[in-house]
There are 4 protein chains.
Amino acid sequence: MEPWRTAIATSDATGIWIRGRDLTSLMKDATFTDLIVLLHLGRLPSPGERRLLDALLIGVADHGAGAPSCAAARLAASGNRASLSAAVAAGVLAIGDDHGGAGSNCMELIAQALEAGKRDGLTPAAAAMRTVDATMAAKRRIPGLGHRVHTTDPRVKVLFEMARAEGIAGDGILFMEALEAQAAKRIKTLPMNIDGALAAILHDMGFPPPAGRFMFIIGRVAGLTAEVAEELAREKPMRIKFDVHYDGPAPEST
Amino acid sequence: MEPWRTAIATSDATGIWIRGRDLTSLMKDATFTDLIVLLHLGRLPSPGERRLLDALLIGVADHGAGAPSCAAARLAASGNRASLSAAVAAGVLAIGDDHGGAGSNCMELIAQALEAGKRDGLTPAAAAMRTVDATMAAKRRIPGLGHRVHTTDPRVKVLFEMARAEGIAGDGILFMEALEAQAAKRIKTLPMNIDGALAAILHDMGFPPPAGRFMFIIGRVAGLTAEVAEELAREKPMRIKFDVHYDGPAPEST
Amino acid sequence: MEPWRTAIATSDATGIWIRGRDLTSLMKDATFTDLIVLLHLGRLPSPGERRLLDALLIGVADHGAGAPSCAAARLAASGNRASLSAAVAAGVLAIGDDHGGAGSNCMELIAQALEAGKRDGLTPAAAAMRTVDATMAAKRRIPGLGHRVHTTDPRVKVLFEMARAEGIAGDGILFMEALEAQAAKRIKTLPMNIDGALAAILHDMGFPPPAGRFMFIIGRVAGLTAEVAEELAREKPMRIKFDVHYDGPAPEST
Amino acid sequence: MEPWRTAIATSDATGIWIRGRDLTSLMKDATFTDLIVLLHLGRLPSPGERRLLDALLIGVADHGAGAPSCAAARLAASGNRASLSAAVAAGVLAIGDDHGGAGSNCMELIAQALEAGKRDGLTPAAAAMRTVDATMAAKRRIPGLGHRVHTTDPRVKVLFEMARAEGIAGDGILFMEALEAQAAKRIKTLPMNIDGALAAILHDMGFPPPAGRFMFIIGRVAGLTAEVAEELAREKPMRIKFDVHYDGPAPEST
């Protein structure tokens, strides 16, 4: 077997290095959020970028025990109390295109629309208009827009104000705001959701599209650990009951 | 089905609250590490606690692609490139008693030994002496001590110096240092490892034992996401080959 | 890295062998259940053993969508529809000491009690009496006994009758039946559950204790795949809603 | 919360039913493979279908410890020995488009090509020709064809002969054979692999496309349980070492 190559971390008897930086120096001087940026981008963030990523990770950590990720983690803990890793992993597995995962799809949309737009000399707003045309023609949903509870997600406003105050807002935010406005004018009111805001900001910080899902996972794992801890501390094993309505073939008599 | 009860997070059309605090205020004012403490302890950390937990999470995030958690995540990504959640979860599943999980066992040891010691009027050092007696008699290994690579883990020194500088060092650190000294005197040199240091510090910050594993998971998930991102960006599907030596019954001729 | 050693499977350009047997011959002549025995015990089962293991695997495959394993799989599918593997894995992760996992604990109890009994010249029934004494003294629960729904689990009777008809019933079944009888006399009516019956039969077929969990997992994965298939075919993404009752600190005003 | 609806399984204090059939009757009269068909198709298989599905599940169960699924399961077991569920789940998570998952993609290809062909009055062979045209034009790979080790996969021949002998071979097999022949003539020799054979047979038995992945998972879980059992029985914790070559930024001096 050939050695695995990696540019992320290395260690020997004298120390550990992340992206070439001494881990003990990072422990003294950096925050966990700094390390997340270093791991993914190979550089430390500016203070403004750090604040913004802190806000993002906080924004996706948890909003209630009934979300599929939280509920799957609690169910696994309910049947398999001995394994904390298993419960957290079960929660992570519920994260996908339909729950927490729209950020990466939205980042791909932003990256492709802006790149194609740049080739054709379009502004971000014009690129957004073209995107709305295309998704309407294809009868597809637009990732990053629409919400089942909020008419305006309070987290989006906070994130965009911080991005502007920190001088980080770029074409990604312009594009997503134009997308929301165009969709409202031509389809219906589809308020930007947290996935859309996360995608715009991560794009403007230079992250590649898969980071949209990775950052959601990192933030949500913080919440999942707390959900599992509460399940184990407050509840009995197997306490979760569901009402199930069977509508299959009539049970034969035994 | 009865409603699930929870004291962690709640949300409605007007907002989201974590442990009663408004999420958008937290996004503006707190760090991700603050939120982790709030989720688990129901209060925000002091600046010194925040620095220490940042250092802890950084300390366990990654030290090389060959650790079981990182390698399992890369293998899953190699066969199942489409699912980022699956790859991260596979890495989490390799975390257990033998890899990254000793912290929670060590926290239980600390909590039990200090509590029993307190009932008998023992100092932390005397409680540690009694613990060494008991583990020697039972021929068990002592969690938190011993390391396969380092004679002294450089991360331990940094963490304990920070804990002292921030005024957070308490009985947990005293106990673990005495445990290390007693073991060296009576068994053999068994340098404290990162699990032991993590356990001592989390104990002194007031976390319950399962947090020893949860904090390792939170920190390591940051590393796992970067390992998976690199696997997908640099490598082809199914590129991982193992040399396997079959030593079972002779293959019958076909 | 040293080559991994294994005695299970090997393959080259000319063929594949399981425990030394040619895979294509097995495909022609064996059943899937035969292969499960071959993989775990290195030999093919007798016709009676095959029938009994078929009955066991059928017995644990599924009994309703609300079991933690089935519900966790459906939740993961609800949020992450694209990854069938993730949903099945989430279901597997809910299997543990409290759900489907008691079989392996019960097999360890049987193996230890019978071995210690044999050293002291005890019959299986006498070993069971001693086990009830010990668990009563330790105030522990007895694995394999007790059920939340059934007063007598209909699956147990079928399995034990089959085991007797096929001449497979041995000390494991004698021990568990004596355990049930002794517990009824001295504690309370605790009908044997499917985990206890599975443990007795797998013990009598020569499986080691971890097989108690592995066989449950193999059987249940069949059910989990059907549950996930139905979730994806019949339901919309994110359709699962929970009533959550928040009882934490009062939400601060925003 | 509304009750969950399901047509698969139901139970009460008197019994358990799968697709309306009494579970204890199934335990007496059916095989595990019968139950898999019943769970997924709502009917029991014919004897020939049972034999063929047995052969399929045997064919994908295991071919060596170095496959990503087997290796990920062993790695998880190496770090997290206490949780058998976690190790099996980690193995399942490595199953995806690139490993074991091509069957479902291939089943979608078969279903779409045959349906479109039928609308246009094409034979399966003509539909296969059109499929080769389309994939060549799109420069895509054809799922189900090509193999890294075998020039002809010995399992494919066995399966197709059994399907013909049992009278189950239908348009799916005709289509895949024509696809292989056309690809050989116009692209290069691309022998059908086990995913392609599995897809053809499951199509001809009436399974929907996702079954291509589910059946691989069911078969492979049998192998994964044996791999994990061997890891725990023969090997020490954390025994797996990888040679890792770091090629990132130069480590700074400490």
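Taking 7 Å steps out from each Cα toward its Cβ at D:Ala126 and C:Ala126 produces label points 8.2 nm apart.
Could you calculate, for region B:79-199, the ratio of the Cα radius of gyration to the Kirkwood radius, expressed as Rg to Rh? Write down the numbers at each step before the final one.
Working: Rg = 16.6 Å, Rh = 15.6 Å.
Dividing the radius of gyration by the Kirkwood radius yields 1.07.
Placing a label point 7 Å from the Cα of C:Asp247 along the Cα-to-Cβ direction, the distances to the matching points in the other copies come to 3.4, 5.7, 5.8 nm, shortest first. Translational diffusion of region A:7-75 was estimated from the Stokes-Einstein equation, with Rh taken as the Kirkwood radius over Cα pairs; at 10 °C and 1.306 mPa s the coefficient is 113 µm²/s.
Using the C-alpha gyration tensor of region B:158-254, what are the square roots of 5 times its eigenvalues, in whole angstrom, with the largest one first?
On the way: eigenvalues 341, 108, 29 Å².
They are 41, 23, 12 Å, listed from largest to smallest.
For region B:58-183, what is the charge dipole size about the Cα centre, in debye to the nearest 20, if Lys and Arg each add +1 at the Cβ and Asp and Glu each add -1 at the Cβ? Please list the in-between numbers first.
Values: 12 positive and 13 negative charges, 71 e Å.
In debye, rounded to 20, region B:58-183 gives about 340.
Over the C-alpha trace of region C:121-160, radius of gyration and Dmax come out as 12.9, 37 angstrom.
Contact with the other protein chains removes 10 Å² or more of accessible area, compared with the isolated chain and a 1.4 Å probe, from these residues of region B:143-174: B:Arg148, B:Val149, B:His150, B:Pro154, B:Arg155, B:Val158, B:Met162. For C:Gly206, no residue 5 or more places off, or on another chain, has a built amide H under 5 Å of its own. Surface composition of region B:94-140: carbon and sulfur make up 52 percent of the accessible area, probe 1.4 Å. As a ratio to 2.2 N^0.38 Å, the alpha-carbon radius of gyration for region A:85-150 is 1.44.
Between A:Ala111 and D:Glu161, the FRET efficiency estimated from the beta carbon spacing at R0 = 51 angstrom works out to 0.55. Computed 3J(HN,Hα) for region B:164-175, one whole-Hz value per residue from the Karplus formula 6.51 cos²θ - 1.76 cosθ + 1.60 where θ = phi - 60°, is 5, 4, 8, x, 9, 4, x, 5, x, 5, 4, 4, glycine and proline marked x.
Karplus-derived 3J(HN,Hα) values for region D:13-29, using 6.51 cos²θ - 1.76 cosθ + 1.60 with θ = phi - 60°, are 5, 9, x, 10, 10, 10, 6, x, 8, 5, 5, 5, 5, 4, 4, 6, 10 Hz; glycine and proline are entered as x.
Counting from the shortest, the label point at A:Thr14, 7 Å from Cα toward Cβ, is 5.2, 6.1, 7.8 nm from the same position in each remaining copy.
Tally Lys and Arg at +1 and Asp and Glu at -1 over the other residues with C-beta under 11 Å from the C-beta of A:Arg43: what net charge comes out? Please list the in-between numbers first.
On the way: positive: A:Arg19, A:Arg21; negative: A:Asp34, A:Glu49.
Net of charged neighbours comes to 0.
Pairwise alpha-carbon distances in the protein assembly as shown exceed 39 Å for 45% of all pairs.
Ordering C:Ile194, C:Ile217, C:Leu232 by Cα displacement along the dipole of region C:186-254 toward the positive end leaves C:Ile194 in first place; charges were set at the Cβ atoms of Lys, Arg (+1) and Asp, Glu (-1).
Annotation for B:Thr123, label-to-label distances across the other copies: 6.2, 7.3, 9.4 nm (shortest first, one decimal, point 7 Å from Cα along Cα→Cβ). Dipole of chain A computed with +1 at Lys/Arg Cβ and -1 at Asp/Glu Cβ about the Cα centre; of A:Trp4, A:Leu179, A:Ser104, farthest Cα towards the positive end is A:Leu179. Working note: Karplus 6.51/-1.76/1.60 with θ = phi - 60° gives region B:206-217 the couplings x, 7, x, x, x, 4, x, 7, 4, 5, 4, 4 Hz, where Gly and Pro are set to x.
Using a cutoff of 8 angstrom between alpha carbon atoms and counting only pairs six or more residues apart, the relative contact order for region B:3-160 works out to 12 percent. For B:Ala9, nonlocal amide neighbours, meaning residues 5 or more places apart or on other chains whose placed amide H falls under 5 Å from its own, are A:Ala65, B:Arg19. Helical content alone sets the calculated 222 nm signal of the protein assembly as shown at -19000 deg cm²/dmol, taking -39,500 (n - 2.57) per DSSP H segment of four or more residues and averaging over every residue.
Placing a pseudo-label 7 Å from each Cα along the Cα-to-Cβ vector at C:Lys236 and D:Asp243 gives an inter-label distance of 5.6 nm.
By a 1.4 Å probe calculation restricted to protein chains, D:Arg43 has an accessible surface near 80 Å², given to the nearest 10.
Label zone of C:Ile187 (point 7 Å out along Cα→Cβ, amide N under 18 Å): in region C:91-117 this covers C:97-114.
Seen from A:Lys139, the other residues with C-beta closer than 15 Å to its C-beta sum to a net charge of +3, counting Lys and Arg as +1 and Asp and Glu as -1.
Dipole magnitude for chain A: about 260 debye, using +1 per Lys or Arg Cβ and -1 per Asp or Glu Cβ, origin at the Cα centre.
Rounded, prolate or oblate, given the Cα gyration tensor of chain B, with a/c below 1.5 counting as rounded? Note, shape of chain B comes out oblate.
When the alpha carbon coordinates of region A:1-149 are projected onto the principal axes, the ranges are 58, 44, 40 Å, largest first. Taking Cα centre as origin and charging only the Cβ of basic (Lys, Arg, +1) and acidic (Asp, Glu, -1) residues, the dipole magnitude of region D:146-254 rounds to 180 debye. The Cα center of region D:5-74 and the Cα center of region D:96-139 differ in position by 28 Å.
Between B:Gly96 and B:Gly101, the built amide H atoms are under 5 Å apart, and every one of these is 5 or more places off in sequence or on another chain. Between A:Asp133 and C:Ser25, the distance separating the two model label sites (each 7 Å from Cα on the Cα→Cβ line) works out to 6.8 nm. Charged neighbours of A:Gln182, selected by a Cβ distance under 14 Å, balance to +1 (K, R count +1; D, E count -1).
The values are calculated or read from the model by the stated rules, or taken from the named source; none is laboratory data. Because the structure is a prediction, the values reported are computed rather than measured. Quick reminder, even Gly has a Cβ in these numbers, built from the backbone with ideal geometry, and neighbours come from all protein chains shown. These area figures cover heavy atoms from the full protein model, side chains too; ligands, DNA and RNA do not enter into them. Shrake-Rupley method; radii C 1.70, N 1.55, O 1.52, S 1.80 Å.
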